[in-house]
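Values in this text are rule-based calculations from the coordinates and carry no lab data. For clarity, every value in this text was computed on a predicted model and none was experimentally measured. Virtual Cβ from ideal backbone geometry, glycine too; neighbours counted across all protein chains shown.
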Amino acid sequence: MCGRYENASSNEELQELFESYAGTLEIAYDLSDILKEENIAPTNRVKVIVCEEGKFLLKVMKWGIRSKIFDPSRLTKGLDPNIEKDIFNSKIETVSKSAKWKKLFAGSRCLFPMTAFYEWVPSGGRKIPQRISLDKEKIFFAGGIFTDKDIKGEVSSSIITCEPNKFMKKVHNRMPALITPEDAGSFLEDNDAALQLCSPLDDSEKMKIGKAEI
């Protein structure tokens, strides 16, 4: 799962990193937009990288694809099981099989730039936020999907999650599908490569964890 994250990278840092591996990254959003850098949450407007007509673009869109879902747990409470919900995490197991999400994965992938993500770990009867990052990469990415028009008519996006690697198993039973800068271009341009990359981060990639000051 990934319910909060951090993106403290500047556009210049992001461009320099991305262009060293994938190609020119154009800024394609209103620079007057004020965006959060820490404790970024679902429904916030966030930066994502997309590939459109062969160009890599840094855009801004809502985090969370508004969708109609069926929630059987509501039936036992006498509530309507058909509800609307912002889908901010999308399991790769669902994305690779469900017709709706499979279509988005095939034609509307994106990357969420990150400098860290957060998970809450039980401790002393409370849940303490932990900041998780990569040891060798100041900036990395989470694979995602987006739509130009969800059921509310908004351009919105969702982070893809997968099974955890050995490091993350101690923290949570899911993790974002983390993409290193070297693989960023392949994720956006190659369907087969993208599917393979939506897997637990290789255990050789050292990760760090520490109490989050948020």
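Observations on the structure shown:
- Charge context of A193, other residues only, Cβ under 11 angstrom, K/R +1, D/E -1: -3
- Restraint check, K36/K206; K103/K136; K47/K138; K100/K138; K47/K77; K59/K211, Cα-Cα greater than 28 Å: K103/K136; K100/K138; K47/K77; K59/K211
- Once backbone amide H atoms are built at 1.01 Å from N, S90 has I159, I160, T161 as its partners under 5 Å, excluding neighbours fewer than 5 places away on the same chain.
- Cα-based Rg of segment 107-164 normalised by 2.2 N^0.38 Å, two decimals: 1.47
- Option label - Rg and Dmax of the Cα atoms in Å computed here, alternatives (1) 18.6, 67; (2) 17.0, 55; (3) 15.5, 44: (2)
- In sequence order, segment 110-122 has phi-based couplings of 8, 10, 9, x, 9, 10, 5, 9, 10, 9, 9, 10, x Hz under the Karplus curve 6.51 cos²θ - 1.76 cosθ + 1.60, θ = phi - 60°, and Gly or Pro positions carry x.
- Reported to the nearest whole Å, the Cα centre-to-centre distance from segment 133-152 to segment 26-54 is 10.
- For segment 106-214, the convex hull drawn through the C-alpha positions has a volume of 128 cubic angstrom per residue.
- Going by neighbour counts of Cβ atoms within 10 Å, the residues S73, S186, S156 line up, fewest first, as S73, S186, S156.
- Extension gain, D190 back to L35 (0.36 nm per residue minus Cα-Cα distance, nm): 52.9 nm
- Working note: Karplus 6.51/-1.76/1.60 with θ = phi - 60° gives segment 8-21 the couplings 8, 7, 7, 4, 5, 5, 5, 4, 4, 5, 4, 6, 6, 10 Hz, where Gly and Pro are set to x.
- Dipole of segment 4-211 computed with +1 at Lys/Arg Cβ and -1 at Asp/Glu Cβ about the Cα centre; of G185, M61, T161, farthest Cα towards the positive end is T161.
- Charge dipole (debye, nearest 20) of segment 4-211; +1 at Cβ of Lys and Arg, -1 at Cβ of Asp and Glu: 1320
- Near-label residues of segment 1-45 by backbone N, under 20 Å of a point 7 Å along Cα→Cβ of E182: 14-24
- Charge context of E19, other residues only, Cβ under 12 angstrom, K/R +1, D/E -1: -4
- Largest-first ellipsoid semi-axes for segment 1-46, taking √(5λ) over the Cα gyration tensor eigenvalues, angstrom: 22, 14, 9
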